[in-house]
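All remarks here apply to the structure that follows.
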Amino acid sequence: MALKFSAIQTLLAFIFSFLPIVIPLKFSYPAVFNFGDSNSDTGGLVAGLAFPVGPPNGETYFQQPYGRFCDGRLIIDFLMDAMGRPFLNPYLDSVGAPDFQKGCNFAAGGSTILPANAASTSPFSFGVQVAQFVRFKDRVLKLLAKDKKSQKNLPLEDYFNRGLYMFDMGQNDIDGAFNSKSEDQVIASFPAILSEFEAGIKRLYTEGARNFWVHNTGPLGCLPRIIATFGTNPSKLDQLACVDSHNRAANVFNSQLHDLCTKFQGQFPDANLSYVDIFSIKLKLISNFSQYGFKQPLAACCGYGGPPLNFDRRIACGQTKVLNGSTVTGSPCNDTAEYVNWDGNHYTEAANRYVSGEILAGNYSNQLPLSINTFTLPTSVFIGSKLSYYD
C-alpha cells in the first residue's frame, strides 16, 4: 500500500511539473513567532546590545531609524501586513509596553545558527532565540492564568499551537566560515550547522509549534561587501559579477536544508512545514533587475566609493570618517527604489517588497511533503536532481 501511495506521489509530481498552476498563498495565522538574523530583525540587536543603527536607516518608510538594517520595511514587515497583523515587536525591547498579542520577534542582526563565540556580532544565536521563546511562552501562560487583562497584550494560549513559526537564518554562518576556511571546508561545516537548526525546530515542536515557515539563504555572493572582499579577481566572479564560491556554497546549504525539512515533515506528519526558495527569488531579481524597475542590481545605495559597488568596508552607511586626510560620509542614494541593495549587506525596501510579493503570490514556496490531498504549488514547477526549484 505504501509503495502504491509513493508511486502516486511521484506520478503527480511528474504531471504537475508540466502544468502552469497559479494558487495564491494562504497566509493567515493568529500570531507569528520569528527567528533569524538581520534579514528579519525588527529591532532586537538595537534593544539587546544598543547596537548603533542610526540614520539614514528607516528613512523611506519610518522617516527615522526603526531598528531595521534597511531604508524601510523588511520582508517580514510586508508579510505581517499581508496578514493584517501589526509589525512584530522584538522580544528584547521592553520600552513603550510592546504588544505581543499577535506574535513576537526573536531575530537579532548578526545571529548565527551555531552557538555564538567571543568574536560573534550577536550573542543571540538560534539556540538562544529558541530558549527565549520557551521562557516567553512560559511567562505568558503564567500571566494569562493570573490576570485575564493580560490578554490584550499577550498571545492567547492556543496561539502557540495555531501560530506560524518563521525562520530565516544561516547566512551569517556561511559568511563567517569563508573568513577562515576554503570553499570545501565551508561546505563540510554544513551538517553541524543544520544539526543545530534541527535541534531547535524539534524543541519548538515539543513546545506545541505545528506551523513552520523556513526561508533558505539568499545569493550571498551577490552582496557588495562579499564582491568587494572576495571578487577582486574577475575569474572568481560569475556572469552576474557575483562571487561564484559563495553562491555555490549557499546552493549546497539550501539543498541540505531542504532535505532536513523533508526529513522533519516525515518524522512529524501532524506538522505543516513550508520551504521558501529565497535564493531563487533574489537571484531572479538581480538577474532581471531592469524588468522590475531597478537600475542598480549590485551597487549599494548607501555607501562610499562610487561605481561599481559604492562600498568601502571602512565607511559604513551613515558614518562619517576622516579617510586619507579627507572627511567622507557613507551617504544614501537619491532614489532607494532604483537599488536592490541598501548598505552592502542588506536589501532595500523596494527589493524586499518585490521578494515578499513573489512569496505571497505562491511562487517559490512549497509545502512538504507533496501529497495527493494538499498542494501549495507555484506558477511553474520543474523537478531537479535533488531539489525542486520554483519559478
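Kindly check whether there is at least one residue in the range 42-56 that is of a type in the set (A, V, I, L, M) and surrounded by fewer than 20 Cβ atoms within 10 Å (Cβ to Cβ). Within the range 42-56, one or more residues are of a type in the set (A, V, I, L, M) and surrounded by fewer than 20 Cβ atoms within 10 Å (Cβ to Cβ). F33 meets all of the listed conditions (1) out of contact with any strand residue (DSSP E or B) (no Cβ under 8 Å at 6 or more places or on another chain); (2) modelled with pLDDT of 95 or more; (3) aromatic (F, W, Y) but one, namely (1). Within the range 198-248, the set of residues being within 30 Å of A31 (Cα to Cα), of a type in the set (F, W, Y) and in a helix (DSSP H, G or I) comprises Y205 only.
The set of residues from the range 81-101 being modelled with pLDDT under 95, within 21 Å of V276 (Cβ to Cβ) and touching a strand residue (DSSP E or B) at 6+ places or on another chain (Cβ under 9 Å) comprises M83, R85.
Listed by position, the strands (runs of 3 or more DSSP E) inside the range 261-354 whose residues that are at pLDDT 95 or above and not β-branched (V, I, T) number at least 2 are 272-276, 296-300, 339-341. Residues in the range 48-74 that are in contact with a Gly (Cβ under 7 Å, 6 or more places away or on another chain) and of a type in the set (A, V, I, L, M): how many? Summing the residues that are in contact with a Gly (Cβ under 7 Å, 6 or more places away or on another chain) and of a type in the set (A, V, I, L, M) in the range 48-74 gives 1. When the range 82-119 is limited to residues that are without any contact (Cβ under 8 Å) to a residue 24 or more places away in the chain and under 26 Å from D173 (Cβ atoms), the one that is surrounded by the most Cβ atoms within 10 Å (Cβ to Cβ) turns out to be A116.
The values are calculated or read from the model by the stated rules, or taken from the named source; none is laboratory data. Nothing here was measured: the structure is a model prediction, and the numbers come from that model. In this analysis, Cβ positions are derived from the backbone assuming ideal geometry, glycine residues included, and neighbour counts consider all displayed protein chains.
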